[in-house]
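Take a look at the structure set out below.
The values are calculated or read from the model by the stated rules, or taken from the named source; none is laboratory data. The shown structure was predicted, so the numbers you read here are calculated from the model rather than taken from an experiment. Because the Cβ atoms are built from the backbone with ideal geometry, glycine has one as well, and the counts that use them run over all protein chains shown.
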């Protein structure tokens, strides 16, 4: 994600940014807790550039991408001949971050033996390269990030309590996108405009049904997922108004059409009951209720993806749009009532 992706005007987002700005100038470690895709690295960048270290290096390491045996050498460097393949001296991330900030993503995956050396750096500002007995001194501010429960890990002996005590001067919880409802359309418009520019197209807008789909979706992948969904929608759209939103690109178009939400992970909120309507209404009303139930089930199961909903109903896309137009008022009422 780019720095410009840290957009928002919701109260929860602005409160987070205020807390981040308050701690940025304070020369202490900070822990960022948040789900995947919430923008923890963006927050770490902002911490760095709002601090007195803004003109120093900002060094990152995703600790989950390295084998446990390699993390120590990556963080602290090594001497020539320290292990097989160490053909020359190499400085680590701590030395590279001297005078600046070291961002340790997925900090909960660091082995206990390496945590002990990090604790020494935090307390004394010194460490030894792998294969050396000589102390090296550094001035580094540590910002850690994780989605793990570090206090629980400490109680289970998986994270050093002493290190956790040193790192938690301030703990900031990055808000998930589902709690930033006011920001979803703002971010979607931002990503759409950027994608349209990249494709050399005119600015695009979203239909009202697309905006409703954005607002009702839970966004388990947060801002990163929103960015992917929007870019895919803009890329796929043939017109300037984006109507089709594909939340799950892995749904095969060749799967048998199934409308029922039972047993397939679909929503069970499907609209009015056919049996109840049949006892009290005439033939036309029964047909209307049946069509509306099929339509709402298909929309719920496809997460408001028009083309997938059409395939589920075994209709052409034009036929589906005609049906959607026919029952637009009823569907909008169901959404407002929270039934759909």
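Miscellaneous remarks
- If the condition is being more than 26 Å from the chain's Cα centre (by Cα) and outside any loop (DSSP other than H, G, I, E, B), then the range 155-171 contributes 155, 161, 162, 163, 165, 166.
- Condition broken by residue 210, with the remaining ones in (1) assigned to a loop (DSSP other than H, G, I, E, B); (2) farther than 30 Å from residue 104 by Cα satisfied: (1)
- Qualifying residue in the range 14-23 (condition: in contact (Cβ under 8 Å) with a residue 40 or more places away in the chain, more than 27 Å from residue 190 (Cα to Cα), touching a strand residue (DSSP E or B) at 6+ places or on another chain (Cβ under 9 Å) and in a loop (DSSP other than H, G, I, E, B)): no
- Of all residues in the range 214-258 being assigned to a helix (DSSP H, G or I) and touching a strand residue (DSSP E or B) at 6+ places or on another chain (Cβ under 9 Å), the one that is farthest from residue 175 (Cα to Cα): 236
- Test: residue in the range 114-131 that is surrounded by 19 or more Cβ atoms within 10 Å (Cβ to Cβ), modelled with pLDDT of 95 or more and either assigned to a strand (DSSP E or B) or not assigned by TED's automatic domain parsing to the domain that holds residue 69 (or both): no
Listed here are the residues, each with its yes/no results for (1) modelled with pLDDT under 85; (2) in the same structural domain as residue 192 (by TED's automatic domain parsing); (3) within 28 Å of the chain's Cα centre (by Cα); (4) surrounded by 14 or more Cβ atoms within 10 Å (Cβ to Cβ).
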position	(1), (2), (3), (4)
244	no, yes, yes, yes
256	yes, no, no, no
284	yes, no, no, no
301	yes, no, yes, yes
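- Of everything in the range 186-204 that is buried (at least 17 other Cβ atoms within 10 Å of the Cβ) and over 19 Å from the mean Cα position of the chain (by Cα), the residue that is farthest from residue 331 (Cα to Cα) is 196.
- Per-region count, the range 42-52, residues surrounded by 17 or more Cβ atoms within 10 Å (Cβ to Cβ) and outside any loop (DSSP other than H, G, I, E, B): 7
- Some residue of the range 178-200 being part of a loop (DSSP other than H, G, I, E, B), in contact (Cβ under 8 Å) with a residue 12 or more places away in the chain, within 21 Å of residue 244 (Cα to Cα) and outside the structural domain of residue 8 (by TED's automatic domain parsing): yes
- Verdict on residue 311 being at pLDDT 80 or above, part of a helix (DSSP H, G or I), over 24 Å from residue 234 (Cβ atoms) and within 32 Å of the chain's Cα centre (by Cα): no
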